[in-house]
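Input: a single structure, listed below in structure tokens.
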């Protein structure tokens, strides 16, 4: 075992946006940019850097609005520059990141909690549990698929794969 042995170590990470319905997406950004149109409707347009088809974006992928810290599921990719979302989370000028979806519960992730609080999680075995009073800079060795909005007061949560 050398100094750079990474066995049993996380190899990828993603910031967590809690949701009561959307699982944590698989780490690894597929596409990113900013919205040029789409205020108040579930459609959004990135007419500047949008390459959704080329980037392999597809129905079921997850989009983060990194400006407002909100999350939605991509329902349709209509062109290189236009997406239809399940919820209207985008506004003109908002920045976004798109990740592979994890709605089939195939990827379990461990958590790092940056700022103290409670965390309500749904495990890969579909159990929902609230972990109470998690301290700053804590690792949670539990395979989770979702951090729920309701019951979560901790912040700066990172999912590790």
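No value in this document is a laboratory result; all are computed from the given coordinates. Quick caveat: nothing in here was measured; it's all calculated off a predicted structure. Note: ideal-geometry Cβ built from the backbone for every residue, glycine included; neighbour counts use all protein chains shown.
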Seminar exercise, completed: Hull surface over four for the Cα convex hull of the chain, reported in nm², is 10.4 nm²
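Could you give the length gained on full extension between residue 127 and residue 155, defined as 0.36 nm per residue of separation minus the Cα-Cα distance, in nm? Let's see the in-between values first.
Working: separation 28, 0.36 × 28 = 10.08 nm, distance 2.13 nm.
My answer for the length gained is 8.0 nm.
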Seminar exercise, completed: Rg/Rh of the range 29-99 (Cα atoms, Kirkwood Rh), to two decimals, equals 0.89
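Please rank 30, 59, fewest neighbouring Cβ atoms within 10 Å first, as an exposure proxy.
59, 30
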